[in-house]
Amino acid sequence: MFKTRSTTPCLGICSTTYGDDVCKGCKRFVHEIIGWPKFSQDERALVNDRLEKFKILILKDRFKIVDQDLLQIKLRENAINYNNSMDPLTWIFDLLRAAGSQSLDLKQFGITSLMSYDSSTIKDINQELLELSEAHHERYFKKI
């Protein structure tokens, strides 16, 4: 499935229904999730742009893609959901999320790890992404 900059980042595990201001799944703000169906293509793209920048910030010092074509082929072969309109570095997040705690040979996906990589890596990356999103939300939507 071809995705665009305005494709929903929803993972189907929304935590905003439990009162979170930032979804622990997709990292969107509660008002973005609620308003998504009414958002214009440009508004949706802005949300994805923010999430993409956060993922790149977190991943750029941890991983390097040495073969983008191989990565894309392997993602498709393994039916891993990723947004092909985003920076390929963000695809690594989707790969790690899909793998969960399973061990991965990143070289088979055309990726080199620049830091130690183990089963807790995605948990650490996911937590860092959530913290960035929550800090961004608090900065711009601080409750008075």
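Just checking, does region 102-110 include any residue being open to solvent by 80 Å² or more (accessible area, probe 1.4 Å), at pLDDT below 90 and part of a loop (DSSP other than H, G, I, E, B)? Checking region 102-110: at least one residue is open to solvent by 80 Å² or more (accessible area, probe 1.4 Å), at pLDDT below 90 and part of a loop (DSSP other than H, G, I, E, B). Selection of region 111-144 for residues being assigned to a helix (DSSP H, G or I) and of a type in the set (S, T, N, Q) yields Thr121, Asn126, Gln127, Ser133. Within region 1-60, being among the charged types (D, E, K, R), open to solvent by 40 Å² or more (accessible area, probe 1.4 Å), within 26 Å of Glu77 (Cα to Cα) and touching a residue at least 40 places away in the same chain (Cβ under 8 Å) holds for one residue alone: Arg5. Counting only helices (runs of 4 or more DSSP H) that sit wholly inside region 19-100, those with at least 2 residues that are over 16 Å from the mean Cα position of the chain (by Cα) are 30-35, 41-59, 68-77. Residues that are open to solvent by 80 Å² or more (accessible area, probe 1.4 Å) and not hydrophobic (A, V, I, L, M, F, W, C) within region 119-144 comprise Lys123, Asp124, Gln127, Glu131, Glu138, Arg139, Tyr140, Lys142, Lys143, listed in sequence order.
The values are calculated or read from the model by the stated rules, or taken from the named source; none is laboratory data. Fair warning: this is a prediction, and the values are worked out from it, not measured in the lab. Because the Cβ atoms are built from the backbone with ideal geometry, glycine has one as well, and the counts that use them run over all protein chains shown. The protein model used for the area step is the full one, side chains on, heavy atoms only, and it has no ligands, DNA or RNA in it. Shrake-Rupley method; radii C 1.70, N 1.55, O 1.52, S 1.80 Å.
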